[in-house]
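Q: Please find one structure pasted underneath; my questions will follow.
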Ligand code: GRG
C-alpha cells in the first residue's frame, strides 16, 4: 500500500465513524423546532473533510490509545467539528463574508434565512459544549482531563483564539495590513482550533507535558501550513494560472500569503512548515504515522 492509499483509507474510515456519531448527537428535523435541526444538519453534512476531528483521533493514535478509547472520545471529536461548522456558517453571513456558496452548495443563510443561520450556528456552538460536558464522558476519562479539554477548546475558539482572529480579519481594511497582522489572523482564526484538536487528542490519551508541547508545535506549524495551502488553492488553477477568487478577494482588500509572498515563496513556506511539523513530533514512535501522513496529505491536498 502506498502512503497515499494508507492515509486515504485512514481518512475514510475515521470520517465514517465521525459522521455516524455526529448523526447521533445532532438529531434530525423530527425534533422540535424542525427548522433549527434541519439547518444544523444541513451545514454539518454538507461535505466537510472532517480534518479537525480526525486530527484529534490521530493524536490519540500517536499516544497509543486503542480503538475503545478513540470510540469513547467521539463526542469530543464531534464537538470540535460542530464548532468548526458554526464558525463557517457565521463567517458566510452577510455581515461577514457575505458568501452565497460553501462547499459548492448554497450557504445556510441563503437556504434558511439569516435569522435561522445565526441561530443554527449558535446552537451548534452551544451543543458542542453540552456534549463536552456530558456525564457519560467521565465513564472513560477523568473529570480533570475533561475539564482540561473544555479549557483548551474554549480558549482556542474564543476571544484569545478564533474570534480574535476573525475580528482582525473582518476589520483589517481599516488599518494598514502587514505581515505580522496576517500571521496573527491565521494563527488565531485557523491555527487555534486545528492545534486544539491535536492537543485535545493528546490530553484524552494521557500525554505528558513534553508530548503535549510537541503536539502543540505540530499543530501550530500544520495550522499555518493548512491556511497557506488554502490560499494557494484559491489562486493556483490546474495550469498554475490565477483563479477568479483571488481577484475578488484582492478587490475586497484581502491580504493572502500568495499576494504577500508570491506563489513561489508561499509554496516554499508550505514545505518549510511541513518539515517543522514533522520535526515537532520526531521523538514519537511509529504510532504517530497517521499524524505524519496527515501533514503530507494536507500539504498536497487539492480540495
Ligand atoms: C465567525 C466566529 C467566526 C469565526 C470564523 C474559521 C473561520 C472563523 C472562518 C472560516 C473561513 C475560512 C476560509 C477560514 C480559514 C480556515 C479554513 C481554511 C476553513 C475551511 O476549513 P476546511 O477546509 O473546511 O477544513 P471543510 O469544508 O472541509 O469543513
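Q: How large is the helix-only mean residue ellipticity at 222 nm for the chain, computed as the sum of -39500 (n - 2.57) over DSSP H runs with n ≥ 4, divided by its residue count, in deg cm²/dmol to the nearest 500?
A: After summing the helix terms and dividing by the residues of the chain, the value is -22000 deg cm²/dmol.
Q: How do 205-211, 52-58 rank on mean C-beta neighbours within 10 Å, highest first?
A: Result, highest mean first: 52-58, 205-211.
Q: Ratio of alpha-carbon Rg to the 2.2 N^0.38 Å globular estimate for the stretch 1-129, to two decimals, please.
A: 1.12
Q: Most mobile of 139, 46, 280 per a Gaussian network model of the chain (Cα springs, under 10 Å)?
A: Its mean-square fluctuation being the largest, the pick is 139.
Q: Working only with C-alpha atoms, what are the Rg and Dmax values of the stretch 89-209, expressed in angstrom?
A: 17.0, 51
Q: Okay, moving on. Taking the radius of gyration and the Kirkwood hydrodynamic radius from Cα positions alone, what is the Rg/Rh ratio for the chain, to two decimal places?
A: On the way: Rg = 18.8 Å, Rh = 19.8 Å.
Result for the chain is an Rg/Rh of 0.95.
Q: Of the candidates 92, 169, 178, which one comes out as most mobile in a Gaussian network treatment of the chain with C-alpha springs shorter than 10 Å?
A: Looking only at 92, 169, 178, the biggest GNM fluctuation is shown by 178.
Q: To the nearest 0.05, what FRET efficiency results for residue 286 and residue 209 with a Förster distance of 25 Å applied to their C-beta separation? Walk me through the numbers before you get to the answer.
A: Working: r = 22 Å, r/R0 = 0.90.
Plugging the Cβ-Cβ distance into 1/(1 + (r/R0)^6) gives 0.65.
Q: Related question: Which whole-angstrom value gives the distance between the alpha carbon centres of the stretch 207-232 and the stretch 62-101?
A: 17 Å
Q: What does the convex hull of the Cα atoms of the stretch 1-60 come to per residue, in Å³, rounded to a whole number?
A: With only Cα atoms used, the stretch 1-60 gives 82 Å³ per residue.
Q: Now a separate question. In whole Å, what are the extents of the stretch 91-158 along the principal axes defined by its C-alpha atoms, from largest to smallest?
A: Cα spread of the stretch 91-158 along its principal axes, largest to smallest: 43, 21, 20 Å.
Q: So, one more: Using the Cα atoms of the stretch 72-115, I'd like the radius of gyration and the largest Cα-Cα distance, Dmax, both in angstrom.
A: Computed over the Cα atoms of the stretch 72-115, radius of gyration and Dmax are 12.3, 38 Å.
Q: Right, another one. Comparing 20, 216, 81, which has the greatest mean-square fluctuation in the GNM of the chain with Cα pairs linked when under 10 Å apart?
A: 20
Q: For the stretch 36-103, what are Rg and Dmax over the alpha carbons, in angstrom?
A: Every Cα atom of the stretch 36-103 included, Rg and Dmax give 14.5, 44 Å.
Q: Turning to a different aspect of this structure: List the relative contact order of the chain as a percent without decimals, with contacts defined as Cα pairs under 8 Å and 6+ residues apart.
A: Relative CO of the chain lands at 20 percent.
Just so you know, all these numbers are worked out from the coordinates, no wet-lab data involved. Just so you know, these numbers come straight off a predicted model, no measurement behind them. Here the Cβ is made from the backbone with ideal geometry for all residues, glycine too, and neighbour counts use every protein chain on show.
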